[in-house]
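*Asks:* First the structure, then my questions, so here it is.
The values are calculated or read from the model by the stated rules, or taken from the named source; none is laboratory data. Computed from a predicted structure; not experimentally measured. With ideal geometry, Cβ positions are generated from the backbone for all residues, glycine too; neighbour counts draw on all protein chains shown. Note: accessible area is taken over every heavy atom of the protein model, side chains too, but ligands, DNA and RNA are not part of it. Shrake-Rupley method; radii C 1.70, N 1.55, O 1.52, S 1.80 Å.
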Amino acid sequence: MDIKEKGQKIQEPQENKIMLIDGNSLLFRAFYALPLLNTKEGIYTNGVYGFMTMFNRVMKMEAPTHVVVALDKERKSFRNEIYGDYKGHRSNAPEELAGQFSLLREVMSAAGIPWIEAEGFEADDIIGTLSALSEQRGMKCVIVTGDADALQLVSPEVSVLMTKKGISAVELFTPREVKEKWEVDPPNMIDIKALMGDSSDNIPGVPGIGPKTAVNLLKEFHDIENLYNNLNQVKNAKLKEKLSTYKDQAFLSYSLARIDRHIELDCKLENMRCKIPDEYKLRDLYGRLEFTSLLKKLPLPENDENEALKPPDNATIVLEDREAVTKLAAECVGEETAVFLEADNVHPMWATVSDIFIELREKVYSIHIGADGQERWGWARSFFENDNIKKYTHNAKFIQVLLLRHGIKLQGIAGDTMLLAYVDDPAFNCDQLSNTIYKYTQKQIPLQRPDLKVLNLKTLYNKILEQIDESLKKLYLEVEMPLSSCLAHMEFAGIKVERDVLQKLSRELAEGILQSEEYIFKMAGRAFNISSPKQLGEVLFEDLGLRKIKKTKTGYSTGAEVLEELFFDHDIIKPIIDYRLLSKLKSTYVDALQNLIHPDSGRVHTIFKQAQTTTGRLSSIEPNLQNIPARMEEGRKI
């Protein structure tokens, strides 16, 4: 699938979706795609300029919740220890490009873009490891690169956006696209490279074998291990001779082509959440680099006009007693106001509010909740429960649930910018008010300025309202807004959970896990770590001599598809599958749900994500109640 239109949506955004960017690949492509650019001081910038242009485009297309750029730390990697000539014929980067690597790191730091490098490994290995980790976490993953090696990582959860000529067009690869183009499944892309080699990386392969021959061999024999185990079945005598002569070279090439997905990284996925840039630092940097077009797209106006987004420190009027809040509420009757709550958690049942911000006639008022929370919530009752005060907000459902916790009924909601942005662009991640303001007004609101968020909220609402048609307005007013209030009551009501039943289930599952473990050890003839793929692979394929279905760099594959294929080969397979299933049910659901029971209500309160999917369906998070495997007996018990 070719994607050339700026901002075109290519797949439904997920609650957790990570974008992994091959920094070296994109920087090289940008450098060679654009004419040389340099500043008045002689600093070459075309690679970095093109990189940021591509980065902004794919971020808008994919709207991920997490992002990271992977970089090569040094020219040599562990592959050079395996094969000294790996990438040995490559010349050094041109002088005009060499200095742009450090410059890119500086720009990414200012833009709030996380980046990672790992000694002894390539960017591909970082991407491979993070994509594997994201799959384990149930996250969607999209890889942005110009290197076809990444296609081996494609799976139902991992897609690749392959950059094409220039810096604008990309091609999307899912398992279907890989199969259509190469006639093999994504993991077999390693086998193709092992057979045909790769001149760009100086991977030798088998001389005389091109892509067509490699694909035909794989279609017949599935992978190179099976090919060499059945070499006598190759009908072409010359081809058979080549394969036999260069067998060691083929397997060496496989090791070089295979991306390592199990390297140790000193980072956490939680730290890769999309961040708002340090706009002042980025403005200054873009100015020095003379990135005029990128500078214009930044939210802050130039020069002295910066002050337009920075009201004086005394712009927020702090209301310090009940009388002041009551007086403000009286002034708000019949008026349009905006409301924003500064909270420490996205879950309204667990969140603590530090301050309430109210905008009236372009002035911002705040009520500090603090340690005297319940009393000060009482101050705000006259404002929130007055239906004659029109209130515009972002995610009214969150505020409604939070207020219900304090015995306050939210009345007078006139508009919800989150829902309005959702009906306008269902693929946009509109959770954060700052991001939504930026999308529609190009104003970058610093995270630490909630006063600016509430000050721009009504402008944002009117801006979105102007650009949607009547059918979307009707959807917003007649479906989404009433549904929001209904969902708020559902979230606040929660779901009664019997802790003692969960504890009993946990004990039953623990007993089942222990029984499966004992049975496995008895048939294996020894104890081992069943959760370790390496140790399990040794038991199945070395100790018990089962068919070797698939091998990885770190050992034998013991994934679900391998166990399914071996199901009738040995009695040990069923208890292993049972062990994994029971362990997941215990840790992911039975034990985890107990920790999510709210201490005040004794219930589990999920969040129903209303503005999430392009199809309009609801999703459930914290906890995700949609993923409980209800088709299984154990799942039905939960």
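*Asks:* Output the number of the condition that Ser620 fails; it satisfies all remaining conditions of (1) open to solvent by 20 Å² or more (accessible area, probe 1.4 Å); (2) part of a strand (DSSP E or B).
*Replies:* All conditions pass for Ser620, except number (1).
*Asks:* Taking into account only those residues within the stretch 415-443 that are aromatic (Phe, Trp, Tyr) and modelled with pLDDT of 85 or more, which is surrounded by the fewest Cβ atoms within 10 Å (Cβ to Cβ)?
*Replies:* In this case the residue turns out to be Tyr440.
*Asks:* What are the residues in the stretch 201-249 that are in contact (Cβ under 8 Å) with a residue 40 or more places away in the chain and on the phi < 0 side of the Ramachandran plot, if any?
*Replies:* Asp201, Ile203, Pro204, Val206, Asp223, Glu225, Tyr246, Gln249
*Asks:* Would you point out the residue of the stretch 95-126, among those that are in a loop (DSSP other than H, G, I, E, B) and closer than 16 Å to Lys76 by Cα, that is most open to solvent (accessible area, probe 1.4 Å)?
*Replies:* It comes out as Glu119.
*Asks:* Still on this structure: Which residues, counting only those in the stretch 248-276, are assigned to a loop (DSSP other than H, G, I, E, B) and open to solvent by 30 Å² or more (accessible area, probe 1.4 Å)?
*Replies:* Scanning the stretch 248-276 gives Arg261, His262, Glu264, Leu265, Asp266, Cys267, Lys268, Cys274, Lys275, Ile276.
*Asks:* Pick from the stretch 444-459 the residues that are in a helix (DSSP H, G or I), touching a residue at least 24 places away in the same chain (Cβ under 8 Å) and of a type outside the set (A, V, I, L, M, F, W, C): which of them is most open to solvent (accessible area, probe 1.4 Å)?
*Replies:* Result: Lys458.
*Asks:* Shifting gears a bit: Within the stretch 127-242, considering only helices (runs of 4 or more DSSP H) that don't extend past its boundaries, which have at least 3 residues that are open to solvent by less than 20 Å² (accessible area, probe 1.4 Å)?
*Replies:* So the answer is 188-196, 211-221.
*Asks:* Mind listing whichever residues of the stretch 540-553 are modelled with pLDDT under 85 and open to solvent by less than 70 Å² (accessible area, probe 1.4 Å)?
*Replies:* Ile549, Thr552 - these are the residues of the stretch 540-553 that are modelled with pLDDT under 85 and open to solvent by less than 70 Å² (accessible area, probe 1.4 Å).
*Asks:* Any residue in the stretch 333-351 that is in contact (Cβ under 8 Å) with a residue 24 or more places away in the chain sitting within a Cβ distance under 8 Å of a residue that is of a type in the set (Val, Ile, Thr) and open to solvent by 30 Å² or more (accessible area, probe 1.4 Å)? List the pairs, counting only those 6 or more apart or interchain.
*Replies:* Close Cβ pairs (under 8 Å, with a partner that is of a type in the set (Val, Ile, Thr) and open to solvent by 30 Å² or more (accessible area, probe 1.4 Å)) amount to Ala343/Thr352.
*Asks:* Something else now. Would you pick out the residues in the stretch 596-614 that are touching a helix residue (DSSP H, G or I) at 6+ places or on another chain (Cβ under 7 Å) and either at pLDDT below 90 or outside any strand (DSSP E or B) (or both)?
*Replies:* Matches in the stretch 596-614: His605, Thr606, Gln610, Ala611.
*Asks:* Pull out all pairs, ordered by first then second residue, where Cβ-Cβ is under 6 Å, the residues are six or more apart or on different chains, the first lies in the stretch 605-633 and is free of Cβ contacts under 8 Å to residues at least 60 places away in the same chain, and the second is of a type in the set (A, V, I, L, M).
*Replies:* Pairs that qualify, where the first residue is free of Cβ contacts under 8 Å to residues at least 60 places away in the same chain and the partner is of a type in the set (A, V, I, L, M), are Pro623/Leu596; Ile628/Ile638.
*Asks:* Could you please find all residues in the stretch 414-443 being charged (D, E, K, R) and in contact with a strand residue (DSSP E or B) (Cβ under 8 Å, 6 or more places away or on another chain)?
*Replies:* Residue satisfying the conditions is Asp416 alone.
*Asks:* Of the conditions (1) open to solvent by less than 70 Å² (accessible area, probe 1.4 Å); (2) more than 31 Å from the chain's Cα centre (by Cα); (3) within 23 Å of Arg261 (Cβ to Cβ); (4) not hydrophobic (A, V, I, L, M, F, W, C), Glu517 fails just one. Which one is it?
*Replies:* Condition (3) is where Glu517 drops out.
*Asks:* Shifting gears a bit: In the stretch 267-275, is there at least one residue being more than 30 Å from Leu36 (Cα to Cα) and modelled with pLDDT of 80 or more?
*Replies:* yes
*Asks:* Assuming Thr588 fulfils every condition listed in (1) of a type in the set (Val, Ile, Thr); (2) under 30 Å from Leu227 (Cα atoms); (3) part of a helix (DSSP H, G or I); (4) under 28 Å from the mean Cα position of the chain (by Cα) apart from one, which condition is it?
*Replies:* Status for Thr588: all satisfied but (2).
*Asks:* Could you run through the stretch 561-585 and say how many residues are under 26 Å from the mean Cα position of the chain (by Cα) and either open to solvent by less than 60 Å² (accessible area, probe 1.4 Å) or of a type in the set (D, E, K, R) (or both)? Break it down into steps so the answer makes sense when it comes.
*Replies:* So in the stretch 561-585, the residues under 26 Å from the mean Cα position of the chain (by Cα) come out as 561, 580-581, 583-585.
Applying the additional criterion that residues be either open to solvent by less than 60 Å² (accessible area, probe 1.4 Å) or of a type in the set (D, E, K, R) (or both) yields 561, 580, 583-585.
Here the count works out to 5.
*Asks:* Also, quick follow-up: Can you work out which of the residues in the stretch 62-94 that are crowded, with 17+ Cβ neighbours inside 10 Å and aromatic (Phe, Trp, Tyr) is nearest to Ile276 (Cα to Cα)?
*Replies:* Initial filter on the stretch 62-94 (crowded, with 17+ Cβ neighbours inside 10 Å): 62-72, 77, 79, 83, 86-87, 93.
Now restrict to residues that are aromatic (Phe, Trp, Tyr): 83, 86.
Working: Tyr83: 43, Tyr86: 39 Å.
Looking at the filtered set, the residue picked out is Tyr86.
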